[in-house]
Ligand SMILES: [Zn+2]
């Protein structure tokens, strides 16, 4: 582990410790996610990693890769997302969530993943 890695880890740990204290002191509503491994836990135990999308395949152009990597959809409604349980089991898994209400509709392990074909910002082939 390099010094930048250690500093990054320390800052992330401090950030989430402060965030946790804020929620405890203010009694603000948050939401919980049902980890497929650990069960229901507060959201601050997890890392959000963006919506699940279909990767470009075959001879994808640079433009298609750039679109996939940098232009994430910003959906107001249901979307399937990648989450990481960083404070416990270290499992990557999928969450189907309504972004308007933070209501978690479903969670499933990554090996049960079915990536939607066209919805949620799937990369379209340029012609
Ligand atoms: Zn877990």
Which stretch or stretches of region 30-71 have amide N atoms under 12 Å from the point lying 7 Å from residue 106's Cα along the Cα→Cβ direction?
none
Between residue 54 and residue 32, how many nm apart are label points set 7 Å from Cα along the C-beta direction?
3.6 nm
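For the peptides 33-42, 53-62, what is the packing order when you average, over each peptide's residues, the other Cβ atoms within 10 Å and list the highest mean first? The partial results should precede the final answer.
Values: 33-42: 15.3, 53-62: 12.0.
Packing order, densest peptide first, comes out as 33-42, 53-62.
Each value in this text was obtained by applying a stated rule to the coordinates, not by laboratory testing. In this text the structure is predicted, and so the values were computed from the model without any measurement. Every residue, glycine as well, gets a Cβ built from its backbone with ideal geometry; the counts of neighbours run over all protein chains shown.
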